[in-house]
Amino acid sequence: MNQLELQLAAFLARYAWVACSIGCGYLIGTWRAYRTRRYAREFLARSEQRSIERLNAQQKLLLQTFFAAGQSTLTTLADDTESEFTLKR
């Protein structure tokens, strides 16, 4: 091989290495973005499910408390007014 062919081979090898590095970096970045998006979506779904379960439990407790209190009439509600309060200092 003459000098020109050696320089051309070195040039092609160097830029093939750079292209391979860029391609691998792109693939790694794409994989990380996919994985992050997938885990974020799963975390959001679990968080929403926990919130819904918590709200359902609170609603159930509220309804149980409301129906356990018995029937109130308008006069009992009006007579249940508390005395005036005083400010604590």
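The values are calculated or read from the model by the stated rules, or taken from the named source; none is laboratory data. Computed from a prediction, not measured in an experiment: that's the story for all the values here. All Cβ positions, even for glycine, are placed from backbone atoms using ideal geometry, and neighbour counts span all protein chains on display. Note: areas computed on protein heavy atoms with side chains; ligands, DNA, RNA excluded. Shrake-Rupley method; radii C 1.70, N 1.55, O 1.52, S 1.80 Å.
Of the residues making up segment 29-40, those that are open to solvent by 90 Å² or more (accessible area, probe 1.4 Å) and not charged (D, E, K, R) are 31, 34, 39.
Contact map, segment 43-68: first residue surrounded by 10 or more Cβ atoms within 10 Å (Cβ to Cβ) and at pLDDT 95 or above, second residue assigned to a helix (DSSP H, G or I) and of a type in the set (D, E, K, R), Cβ cut-off under 6 Å, separation 6 or more or different chains; the map is empty.
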